[in-house]
Structures are given as structure tokens and as C-alpha cells.
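Working notes, structure below.
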Amino acid sequence: MKIHEYQAKELFRKYNVPVPDGGPAFSPDEAKKVAEGIGSFPVVVKAQIHAGGRGKGGGVKIAQSMDEVEAYAKEIHGMTLVTKQTGPEGKLVNRLLVEKGCNIAKELYLSILPDRETAKNIIMASEAGGMDIEEVAEKTPEKIIKVYVDPLVGLQPFQLGEVTFGLNIPKPAMKQFRQMLFNLYKLFVDYDCSLVEINPFVLTAEDEVLAIDAKMDIDSNSLYRHKDVQEYRDTDEEDPLEVEASKYDLNYINLGGSGNVGNMVNGAGLAMATMDAIKAAGAEPANFLDVGGGADAEMIANGFRILLSDKNIKGILINIFGGILRCDTLASGVVQAAKETSLNIPLVVRLEGTNVEEGRRIMEESGLEMITAVDLKDASEKIAAAVK
């Protein structure tokens with residue numbers, strides 16, 4: 001689950017990671033009130049969306065007076081902000097963050113994330129802060145420091161030193177930086193994060209460290225342990241069909257673009273293979289819908305309705321390997337959903353596994369028009385031909 005910058009900074013404060021004074025605003029009038037509470041200028045007015053590159057898109061402004069705060073807040077609030085990460089359609093700005101400006105002496109980059117290859121957490125840092133880290137990694141990878149932390153051992157003092165000296169933190173700021181990094185790592189672990197990123201964190205002219213940006217992604221599977229952040233979810237920032245699918249414990253990802261084939265599978269690996277096969281057959285997958293192993297007929301029916309809600313879909317491929325999810329359960333759900341939704345696009349079904357013969361019988365006797373397939377290659381070729 002992604003959260004907004006101002007929400008991440010609330011957690012930063014809780015863990016004594018230094019951030020500028022300020023707060024969120026949900027209207028231009030609220031932005032003025034936050035600025036009045038800060039009581040000095042400059043003040044930064046920032047758009048709050050789940051995407052980076054906001055400054056380049058016009059979503060970050062520095063105000064030198066209350067009139068400018070009001071003007072910038074009116075300009076940004078309600079705008080459709082387009083960045084590299086939003087795509088050309090952009091995102092509507094409904095929230096702002098108003099913060100006190102600071103005397104920036106140097107911008108740096110800092111992040112913590114899990115590394116699957118080593119089964120460790122990795123601290124990534126660079127003196128090239130304030131830039132796209134992907135660009136730094138591609139053009140000047142030597143500027144990126146990587147420190148691997150064994151999660152069973154925890155962050156050690158010598159590792160704090162590696163990052164501190166690798167970033168050339170000046171002596172007056174060393175103690176504060178080491179404490180900030182220690183606190184940030186604790187936050188990362190405590191909240192089951194898949195990413196904590198500060199780009200940039202800054203050294204001020206007063207030799208202080210300050211997180212002037214904040215990005216946190218929290219593993220959705222851990223949210224039952226973090227009741228305090230469940231309310232941070234902003235469904236306006238998510239795909240409506242993905243939000244709808246989450247209500248039924250379905251894993252749905254809209255691939256966007258020119259996809260024309262809806263997919264229903266059970267298991268992420270099978271989903272990836274199915275999408276590859278569709279592509280190889282000459283069609284385009286439109287989504288990833290994993291109904292999981294414990295789905296019942298009602299969940300299958302809900303998944304079917306979600307697929308049909310995407311108007312770009314010209315056909316549906318169901319590829320199920322029955323294990324925990326039996327083929328007869330899947331078939332009952334598909335038949336129920338197809339009848340309720342008056343299915344009018346091609347449907348290709350490939351079933352294998354537990355109770356497969358019963359599943360095929362249910363579909364054959366349903367009276368619905370559907371195309372059966374014997375294997376994945378056959379299924380992908382038939383759906384590709386059908387949507388063409």
C-alpha cells in the first residue's frame with residue numbers, strides 16, 4: 001500500500017526522523033491556515049499524489065508571501081498533474097502539503113528496501129540527491145552506496161559508519177545523521193515496508209539533516225498488524241477496478257495500454273505464463289486477475305463481473321489449474337456470473353486438476369456459448385483468434 005508524503009512524515013515524526021514544520025491541506029483556505037501556523041517564509045506548497053517527479057510537473061512551488069501561498073494552492077489543488085510516473089493521463093490533486101522552507105546546503109538520496117537476491121535489507125544512498133535515482137544508477141552507478149543488512153542481526157554501528165562516511169556527511173552533522181538512519185531503519189522494519197525513500201534529504205546551512213521528501217510503501221499483507229495506517233489508504237489514487245477487486249480478496253492488476261484479453265487464473269506464476277502465451281499468440285493481455293486457491297463460486301462471479309467492467313476487453317481467457325480451488329467450484333462461479341451479466345464477448349476456458357471432469361460437465365450443460373481448450377497453447381491461440 002502506497003501512502004502520501006504527508007502521511008509518511010507523520011510516521012517519520014513518530015520515529016524522530018527530522019522533517020520540516022508543516023501539515024496537510026485539503027483546500028486553498030486550509031493551505032493558508034497551515035502557512036499562518038508556520039509563521040515565516042519561504043513556504044513550500046506541494047501536490048500530494050502517489051507519484052514522483054511532482055516538481056518537474058509543476059506540483060511543487062515555493063511561496064515568499066501569504067498571497068503566493070494562496071495563489072499556488074489554488075493553482076495546484078484540483079489540477080491534473082502529469083509526471084513520468086503518472087502516465088499521460090495524469091492524476092487529480094486533491095491534497096496539498098504546506099511546509100516551512102529551509103537553507104539547503106546539499107541534497108542527498110537515501111532509501112531502504114528488501115533485496116530478494118541476498119534475502120537482506122539494503123540501504124541505498126547517494127550524494128546525487130534530488131535526481132531520478134534510476135538515471136544515477138544508469139549513468140553513474142559508482143555514486144550509489146549499497147549497504148546490506150541482515151534482518152536477523154539488525155543494523156550495526158559499522159554499517160551506520162559506512163553510509164555516513166560514504167556520503168561525506170560533515171562532522172557537525174554526523175551524530176544526527178547516524179541517529180536518523182537508525183530510526184529510519186527501525187521504522188522500515190516495524191511497519192513491514194517494501195520501501196522507505198527520502199529524495200532528497202538535505203544538509204542545511206546550519207549543519208542539520210532534514211527529510212524534505214518522504215515515500216513509504218507498506219506490504220499490504222501486513223496491514224492487519226498496523227491498524228493505525230489502514231486509514232491512510234487513498235482509494236482515489238488507485239485503479240477503481242483494483243479497489244473493487246480488493247473488496248472480495250481478489251488480486252487484480254489493470255495493465256492499461258491496448259490490452260484486449262481479460263485473464264482469470266489461480267496463482268501469480270500461472271498468470272504470468274498465461275499473459276506471455278497470449279502475447280505470443282498475437283493478442284494483448286489487459287489485466288492480471290488471480291482468484292487464489294481459496295475462492296468460492298461467489299468470489300469467481302465477482303471476479304468475472306470485474307473483468308467485464310473493463311470496456312477494452314474483447315474476450316476472456318480462464319486458465320485454471322484446480323488444486324485447492326476445485327474445477328467444479330470455478331465452473332459454477334463462471335456459469336453464475338455469465339448468466340447474471342449477459343455475457344456477449346468470446347470466452348475461452350481451459351481447466352485441469354481436481355474435479356476437472358465435473359467442471360467441464362457443468363459448463364457443457366450450462367447452455368452458455370464458450371470455447372474449450374485442451375492446454376495453454378491451444379487456449380491462447382483460440383482467444384487471440386476470437387478477439388481478432
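The values are calculated or read from the model by the stated rules, or taken from the named source; none is laboratory data. Everything numeric here is computed off the predicted structure, so don't read it as measured data. Here Cβ is always computed from backbone atoms with ideal geometry, including for glycine, and neighbour counts include all displayed protein chains.
Taken over region 58-89, the residue count meeting the criterion of being free of Cβ contacts under 8 Å to residues at least 40 places away in the same chain, among the small types (Gly, Ala, Ser) and crowded, with 16+ Cβ neighbours inside 10 Å is 2. For region 231-267, filtered to residues that are of a type in the set (Val, Ile, Thr) and touching a residue at least 40 places away in the same chain (Cβ under 8 Å), the residue that is farthest from Val291 (Cα to Cα) is Val261.
Kindly evaluate Ala337 against the criterion of being assigned by TED's automatic domain parsing to the domain that holds Leu255, aliphatic (A, V, I, L, M), touching a Phe, Trp or Tyr at 6+ places or on another chain (Cβ under 6 Å) and modelled with pLDDT under 85. The answer is yes for Ala337. So is Leu11 surrounded by 15 or more Cβ atoms within 10 Å (Cβ to Cβ), closer than 30 Å to Ile145 by Cα, out of contact with any strand residue (DSSP E or B) (no Cβ under 6 Å at 6 or more places or on another chain) and hydrophobic (A, V, I, L, M, F, W, C) or not? Yes.
For region 256-269, filtering for residues that are closer than 28 Å to Gly353 by Cα and in contact with a strand residue (DSSP E or B) (Cβ under 9 Å, 6 or more places away or on another chain) leaves 9.
The residue pairs whose first member lies in region 1-25 and is part of a strand (DSSP E or B), whose second member is crowded, with 21+ Cβ neighbours inside 10 Å and among the β-branched types (Val, Ile, Thr), and whose beta carbons are closer than 6 Å, counting only pairs six or more residues apart or on different chains, are Gly22/Val98; Gly23/Val34; Ala25/Val34; Ala25/Val98. Would you call Ile76 assigned by TED's automatic domain parsing to the domain that holds Ala137 and either in contact with a Lys or Arg (Cβ under 7 Å, 6 or more places away or on another chain) or not aromatic (Phe, Trp, Tyr) (or both)? In short, no.
Within region 307-361, the residues that satisfy the criterion of being farther than 25 Å from Pro240 by Cβ and small (Gly, Ala, Ser) are Gly322, Gly323, Ala331, Ser332, Gly353, Gly359. Could you check how many residues of region 15-31 are surrounded by fewer than 15 Cβ atoms within 10 Å (Cβ to Cβ) and within 23 Å of the chain's Cα centre (by Cα)? Residues meeting the conditions: 1. Kindly indicate whether any position in region 104-126 is over 22 Å from Pro200 (Cα atoms) and part of a helix (DSSP H, G or I). Looking through region 104-126, none of the residues is over 22 Å from Pro200 (Cα atoms) and part of a helix (DSSP H, G or I). Being closer than 19 Å to Ala119 by Cα, in contact (Cβ under 8 Å) with a residue 24 or more places away in the chain and either in a helix (DSSP H, G or I) or in the same structural domain as Val45 (by TED's automatic domain parsing) (or both) is a description that applies to Leu187. Can you tell me which residue within region 264-274, out of those that are modelled with pLDDT of 85 or more and touching an Asp or Glu at 6+ places or on another chain (Cβ under 9 Å), is surrounded by the fewest Cβ atoms within 10 Å (Cβ to Cβ)? So, considering only residues that are modelled with pLDDT of 85 or more and touching an Asp or Glu at 6+ places or on another chain (Cβ under 9 Å), the one surrounded by the fewest Cβ atoms within 10 Å (Cβ to Cβ) is Leu270. When the residues of region 20-50 are filtered to those that are in contact with a strand residue (DSSP E or B) (Cβ under 7 Å, 6 or more places away or on another chain) and among the polar types (S, T, N, Q), which remaining residue is modelled with the highest pLDDT? Restricting to residues being in contact with a strand residue (DSSP E or B) (Cβ under 7 Å, 6 or more places away or on another chain) and among the polar types (S, T, N, Q), the top hit is Gln48.
Being surrounded by 16 or more Cβ atoms within 10 Å (Cβ to Cβ), in contact with a helix residue (DSSP H, G or I) (Cβ under 7 Å, 6 or more places away or on another chain) and farther than 23 Å from Gln48 by Cα: is that true of Ile169 here? Considered against the rule, which asks whether it is surrounded by 16 or more Cβ atoms within 10 Å (Cβ to Cβ), in contact with a helix residue (DSSP H, G or I) (Cβ under 7 Å, 6 or more places away or on another chain) and farther than 23 Å from Gln48 by Cα, Ile169 comes out as yes. Each residue in region 270-316 was checked for being closer than 23 Å to Val374 by Cα, out of contact with any strand residue (DSSP E or B) (no Cβ under 9 Å at 6 or more places or on another chain) and among the acidic types (Asp, Glu), and 0 of them qualify. Among the residues of region 44-61, those identified as more than 21 Å from the chain's Cα centre (by Cα) and of a type in the set (A, V, I, L, M) are Val44, Val45, Val60.
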